[in-house]
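Working notes for the structure below.
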Amino acid sequence: MIDRSEPLDSLATTLAAVVRYRTLLRKLVLKDLKLKYRGSVLGFLWSLVNPLIMIAVYFLAFRYILHNRTEGFVFLVMLGILAWTFFSTAAMMSTGAIADNGPLLKSVFFPRAILPIATVLFNFAQYVLMVVVFLPLMLIVFRIAPTPTMLAYPIFLALQVIFTIGVALILATGTTFFRDIRHLLEVALAVLFWTTPIVYELDQAPARIRPFILASPLSSYVVAYKDLFFYRRWPEPAVWTFAIAYAIIAFTIGAALLLKFEDRFAERT
């Protein structure tokens, strides 16, 4: 598929190769989507079941057990849950993107970054499907009129996708050499969930720990989505800063690690 004598030894050449093999990337994403829903009656509708159940559980728990009377609580939780589900599922799946594809790696050469990127885009496709259904519905239910702030949503969404791809590259590379990363990730995600303002608001946390919560990797994206759609305001400069910084740093580190070790992937799978 590509001349082995032209190694992908830089970020620029790797990105160019990924673009050149975008057809392969698209086919991998479509394959995963077809395999996941093959033979099911509801098909893609199953993508809506999990977040819907989670929202219902959190609503019942916080509304009737913890007596949380926050106006629009369901909408706020939904914005956080959808973003979290996309990230966490993509992160977990990325651990096997390279480690579980040994036969493919050994049979043909192609940009190895395509495998974890395809995993992220597969989960992104499901996220978009959920957003297309739930977001307009919640705006209608809570009578929230469209505002100019909502136009910034694609910007933060693109930043979260870049951040998630960076994390996927790191995890895919690391798991190829250290399988324990899969188990450590489960613990890390459990901690990260509660350090991200998903089922609570940032201003509900004690003032002294708010900067630490905002500095949590996924917090800036969740806070931004809540600001844009529910509070209808522009995110604060700190939110923009963290969102951009995490996207750039994660992607840069992930790409650097993959480029450094990609020649050893085949022997480790």
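Based only on the alpha carbon positions, what is the Kirkwood hydrodynamic radius of the chain, in angstrom?
Values: mean 1/r = 0.0506 Å⁻¹.
This gives a value of 19.8 Å.
Using alpha carbons only, how many degrees (0 to 90, rounded to 10) separate the axis of helix 181-194 from the longest principal axis of the chain? With both axes taken from Cα atoms, the answer is about 20 degrees. Between Ile213, Ile198, Ile114, the residue with the greatest mean-square fluctuation in the GNM of the chain (Cα pairs under 10 Å linked by springs) is Ile213. For the pair Asp203 and Phe177, the difference between a 0.36 nm per residue extended length and the Cα-Cα distance amounts to 5.3 nm.
Once the Cα atoms of helix 114-141 and of the chain are each reduced to a long axis, what angle between those two axes, in degrees from 0 to 90 to the nearest 10, is obtained? Rounded to the nearest ten degrees, it is 20. Between helix 153-177 and the chain there is an angle of about 50 degrees, using the helix long axis and the longest principal axis of the Cα atoms.
Each Cα pair under 8 Å and six or more residues apart adds its sequence gap; the mean of these over the residue count of the chain is a relative contact order of 28 percent. Per q in 0.19, 0.28, 0.31 1/Å, what log10 I(q)/I(0) does a Debye calculation on the alpha-carbon atoms of segment 219-268 return? Values, matching the q order: -0.66, -0.96, -1.04.
At a 10 Å Cβ-Cβ cut-off, how would you order Arg143, Arg112, Arg182, fewest neighbours first?
Values: Arg143 6, Arg112 27, Arg182 15.
Ranking Arg143, Arg112, Arg182 by Cβ neighbours within 10 Å, fewest first, gives Arg143, Arg182, Arg112.
Projected label points at Thr149 and Ala56, each 7 Å from Cα along the beta carbon direction, are separated by 3.1 nanometres.
Values quoted throughout were computed directly from the atomic coordinates according to the rules given, and no laboratory measurement underlies them. This one's a predicted model, so the numbers in the text were calculated from it and none came from an experiment. Note: ideal-geometry Cβ built from the backbone for every residue, glycine included; neighbour counts use all protein chains shown.
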